[in-house]
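Chemist: Sharing a structure here in structure tokens format.
The values are calculated or read from the model by the stated rules, or taken from the named source; none is laboratory data. From a predicted model like this one, the values you see are computed outputs, not experimental measurements. Quick reminder, even Gly has a Cβ in these numbers, built from the backbone with ideal geometry, and neighbours come from all protein chains shown. What goes into the accessible areas is simple: the full protein's heavy atoms, side chains included, and nothing from ligands, DNA or RNA. Shrake-Rupley method; radii C 1.70, N 1.55, O 1.52, S 1.80 Å.
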Amino acid sequence: MTAEEGTPTIRLLDPSEAMKIAAGEVVERPASVVKELVENSLDAGAARVQVEVGTDRRQVTRITVTDDGSGMNRADARLALLPHATSKIRALSDLEQTLSLGFRGEALASIAAVSQVTLVTRCRAAGGCATGTRVLARGGEILEVEDAGAPPGTSVTVEDLFYNTPARQKFLKSLQTELAQLAGAIEALAISHPSVAFRFVVDGRERLDTHRGPGLLEAVRAVYGDEVAGNLIRVFLAHPLVAISGFISPPSLSWKTPSRVLVSINGRPVFSRQILRAIRGGYGTLLPSHTFPVAFLDLRINPARVDVNVHPTKRVVRVGGEQEILAVIGEAVRGSLAGKDLMPSVAGKEGARAARAGIPLPAPVIPAPDPAIPGGSPVARESSPAGARLTDMRLRQTELPTGVEGEESRVPELEVLGQVAGTYILARTPADDLVLVDQHAAHERVLYDQVTGRRDARPVSQELLVPVLLRESPREAAVLRELAPLLAERGFLVEEFGRDTFLVRAIPSVLGRPEDATGVQDLLGDIISGEVETPAEARELISRSIACKGAVKAGIVMTREQCERLLAQLRRTKSPWTCPHGRPTMVSFSRTALDALFKRM
Ligand code: ADP
Ligand code: MG
């Protein structure tokens, strides 16, 4: 051997190793296994799909997906677990069509490469299989193939997931998080296939059964409950480029995250920021910023236009003629809402007409001015005796000691001069600086300091006379279960009350008397839908949410005395300058700044 030849530093992976690496792209976690297996069941024409998950209370140990689809004969059952085995591409001419639906013949092989798979199947075809077949594979190797008694259809059991890829195993999150992901995947599949009956069982307990009745609404009812299902607005639009059908929510059911926007293209769940934006765009000014509607939409697009192989999990797709299709989606949403008379009527009709004609929409519609308020300012509300009492009560709750009791505050003394727009307190410092204080942000800060300041003490909570009932989807319920101990630390007593239903028995005292159940439901809804990774982040989110809900709102007229109390409380906080979300609580105009504004210098 010459010196130039040397010893190679590049090494060819053996096929099983290569397969393990490839598997990593498709099989990230238990939820992706379920998604691939269920999609195969749907491809096989199943009318019923059951997902059974077993856990050892620390992680998912077993996943079984059973269907009543076409099943396989022995030859196919053996092939199904091998790389690049697919029945969905017969000839090269099929390739374009089938690839676009996402068949690549690698899901089962990828799963089998990193786990133990037991496949039991019997084909349904007339005169087909007298008996079933059982195939056992581990680490990508087929260990056994034998006869097995089985009903027509297929059952795939996956155990010891990632047993031979410890690095990947380490990336798994807590059991509750994995179960929540799993439930989310099943919810999306169930909603995009309403004619199929889905059943989801965890450790023998049924979490979801969509077999109440046919149709998307029934599937929605099973997953999200009656309130959502009962208030949806139908969307239907047939356009040469795309046929859109499904449901969207009225703005009142809007949600803090896009988790309830489920879109499928040709029956396959997809995730697309552009589609999400188009849907939100259809709502125009009806949706508060940072909120999302509930929407379940299926788009039928010529498969030749859809490229699902952009990403191995097929959740991200590329669509030809995307911009036009997005415009049609926005118009479908807008049109459905306009028909429901939820939009201010002038904008509704004009908007829809403009969209059809391809005219850019005019600036956002501002609601008609309230004639009761001179000058039409819609900001200041509620100076009624009841309103004043509520504000008093909220401020009393925060009269308790906070952070820097006794210490000198870094905020100067503030003399209240008045209130602007029911939102900003106008004040003066001893040095004659002018200070504007955002009353909501200020009170949020006070509450937040109070909530987080008493880590040692027991949370002060108050029992509700009438417990508040929460109906959650399986995914949300899983999150709530995980958060329950953290919520308890802050004074919430949440008990499980039947499947995916919870009772809130007590809430933090700082929230004062809750005005209504919706307030509590909203608050917990915000917390559940927040994106948090660690318990510390969850605690932070809970504290912020409590502070936000309990704080005096903007647009509430306050008495001078109430303004003074709030400023005194703010001065005692540890970090009075911003609210917990980082917005400023106050802005000051120094004497010199005022002079400069008036060109006195
Ligand atoms: P793909 O779905 O991309 O073809 P998979 O690895 O997911 O690849 O599946 C390989 C093949 O195994 C499929 O093409 C199908 O013929 C067969 N198969 C897998 N799951 C099922 C099932 N539940 N019922 C019937 N056939 C199945
Ligand atoms: Mg497949």
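Chemist: Binning every alpha carbon pair distance of the stretch 231-337 at 10 Å from zero, what are the percents per bin?
Modeler: Final binned percentages: 16, 52, 28, 4.
Chemist: What is the gain in length, in nm to one decimal, between residue 173 and residue 560 on full extension, counting 0.36 nm per residue of separation less the C-alpha to C-alpha distance? Display every interim value, and only then the final one.
Modeler: Numbers: separation 387, 0.36 × 387 = 139.32 nm, distance 5.14 nm.
Net length gain for the segment: 134.2 nm.
Chemist: May I pose another question? So, by mean Cβ neighbours within 10 angstrom, what's the order for 244-250, 147-153 with the highest one leading? Mind dumping the intermediate values first?
Modeler: Values: 244-250: 20.7, 147-153: 15.7.
With the highest mean Cβ count within 10 Å placed first, the list reads 244-250, 147-153.
Chemist: From a point 7 Å beyond the Cα of residue 47 in the direction of its Cβ, which residues of the stretch 159-201 have a backbone N at a distance under 17 Å?
Modeler: 193-199
Chemist: May I ask you to give the percent of accessible area on the stretch 231-337 that is carbon plus sulfur, with a probe radius of 1.4 Å? Mind showing how you got there, number by number?
Modeler: Working: 2380 of 4420 Å².
About 54 percent, which is the carbon plus sulfur part of the accessible surface.
Chemist: Kindly state, to the nearest 0.05, the FRET efficiency for residue 125 paired with residue 463, given R0 = 60 Å and r defined as their beta-carbon distance.
Modeler: Numbers: r = 62 Å, r/R0 = 1.04.
Here the calculated transfer efficiency is 0.45.
Chemist: Students sometimes get this wrong: rank 48, 499 by accessible area, probe 1.4 Å, all chains present, largest first.
Modeler: Values: 48 125, 499 85 Å².
From most accessible down to least: 48, 499.
Chemist: Moving on. Can you list the HN-Hα couplings for the stretch 431-436, worked out from phi with the Karplus curve (6.51, -1.76, 1.60; θ = phi - 60°), rounded to whole Hz and with x for Gly and Pro?
Modeler: Ordered by residue, 3J(HN,Hα) equals 7, 6, 7, 9, 10, 10 Hz.
Chemist: Fully extended, how many nm does the chain gain between residue 431 and residue 578 (0.36 nm per residue separation, minus their Cα-Cα distance)? The partial results should precede the final answer.
Modeler: Details: separation 147, 0.36 × 147 = 52.92 nm, distance 2.19 nm.
Stretched fully, the residue 431-residue 578 segment lengthens by 50.7 nm.
Chemist: Oh, and also: Please sort by residue number the chymotrypsin sites (Phe, Trp or Tyr not before Pro) in the stretch 421-528 whose DSSP state is loop and whose Cβ has at most 15 other Cβ atoms within 10 Å. Working shown, then result.
Modeler: On the way: sites: 424, 448, 492, 497, 502; in loops: 492, 497.
Counting only loop positions with at most 15 other Cβ atoms within 10 Å, the chymotrypsin sites (Phe, Trp or Tyr not before Pro) in the stretch 421-528 are 497.
Chemist: Label residue 146 and residue 595 with points 7 Å out from Cα along Cα→Cβ: what is the distance between them in nm?
Modeler: Label-label distance for residue 146 and residue 595, simple model: 9.7 nm.
Chemist: Next up: What is the packing order of peptides 527-536, 322-331, taking the mean over residues of other C-beta atoms within 10 Å and listing the highest first?
Modeler: 322-331, 527-536
Chemist: Could you order 443, 193 by accessible surface area, starting with the largest, using a probe radius of 1.4 Å?
Modeler: Numbers: 443 0, 193 40 Å².
Sorted by accessible area, descending: 193, 443.
Chemist: Largest first, how would 392, 67 line up by accessible area (1.4 Å probe)?
Modeler: Highest to lowest solvent-accessible surface, that is 392, 67.
Chemist: Right, another one. Residue 489 label point, 7 Å along Cα→Cβ, cut-off 20 Å on backbone N: hits in the stretch 170-202?
Modeler: 173-178
Chemist: Let me ask something additional. In Å², what does the accessible area per residue of the stretch 113-202 work out to with a 1.4 Å probe?
Modeler: Details: 3700 Å² over 90 residues.
For the stretch 113-202, the per-residue accessible area is 41 Å².
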